[in-house]
Amino acid sequence: MITITESAAEKAMTLINSNESNAEAELGLRMQVIGGGCSGFQYNLEFGEAKGTDRVFEFHGLKVFIDPRSSLYLAGSVLDYNDGLMDSGFKITNPNAKNTCGCGESFSV
């Protein structure tokens with residue numbers, strides 16, 4: 001299971017709703033772990049619709065889609081959003097990550 005903070009859910013819903021062409025679609029936030037980055041795996045966040053094998057969660061009104069493989073790497077993770085001057089954006093805290101790269105964009109297990 002993952003956790004999405006209220007601030008992350010609010011920001012994601014604001015971004016989804018900012019495009020009027022999204023009004024008809026059942027869009028949510030897709031969280032994925034893909035190969036790449038300096039440490040072997042990297043996170044991918046994008047807006048889209050659920051795919052056939054996705055696990056669907058809902059946090060603070062935001063639908064979140066995670067494919068079965070990514071759910072293994074994301075178990076226990078927390079997605080937060082910070083709107084500070086020095087550190088702005090979405091941040092994933094993953095208890096499964098053994099090492100992370102200096103920029104925090106990739107990790108290894």
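Computed values, structure above
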item: Any hit, the stretch 11-18, residues being farther than 24 Å from residue 76 by Cβ, small (Gly, Ala, Ser) and at pLDDT below 95; result: yes
item: Filter pass, residue 98 being within 18 Å of residue 36 (Cβ to Cβ) and more than 12 Å from the chain's Cα centre (by Cα); result: yes
item: In the stretch 39-53, residue most open to solvent (accessible area, probe 1.4 Å) [restricted to those that are free of Cβ contacts under 8 Å to residues at least 60 places away in the same chain and part of a loop (DSSP other than H, G, I, E, B)]; result: 51
item: Qualifying residue in the stretch 81-90 (condition: at positive phi and either within 14 Å of the chain's Cα centre (by Cα) or part of a helix (DSSP H, G or I) (or both)); result: yes
item: Selected residue (criterion: surrounded by the fewest Cβ atoms within 10 Å (Cβ to Cβ)) from residues of the stretch 54-99 that are over 16 Å from residue 26 (Cα atoms) and of a type in the set (Val, Ile, Thr); result: 93
item: Residue 78, sole failed condition from (1) within 12 Å of the chain's Cα centre (by Cα); (2) farther than 24 Å from residue 6 by Cβ; (3) hydrophobic (A, V, I, L, M, F, W, C); result: (2)
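The values are calculated or read from the model by the stated rules, or taken from the named source; none is laboratory data. As the structure is a prediction and not an experimental result, all values here were calculated from the model. As a convention, Cβ positions derive from the backbone with ideal geometry for all residues, glycine included, and neighbour counts pool all protein chains shown. All accessible areas refer to the heavy atoms of the entire protein, side chains included, with ligands and DNA or RNA removed. Shrake-Rupley method; radii C 1.70, N 1.55, O 1.52, S 1.80 Å.
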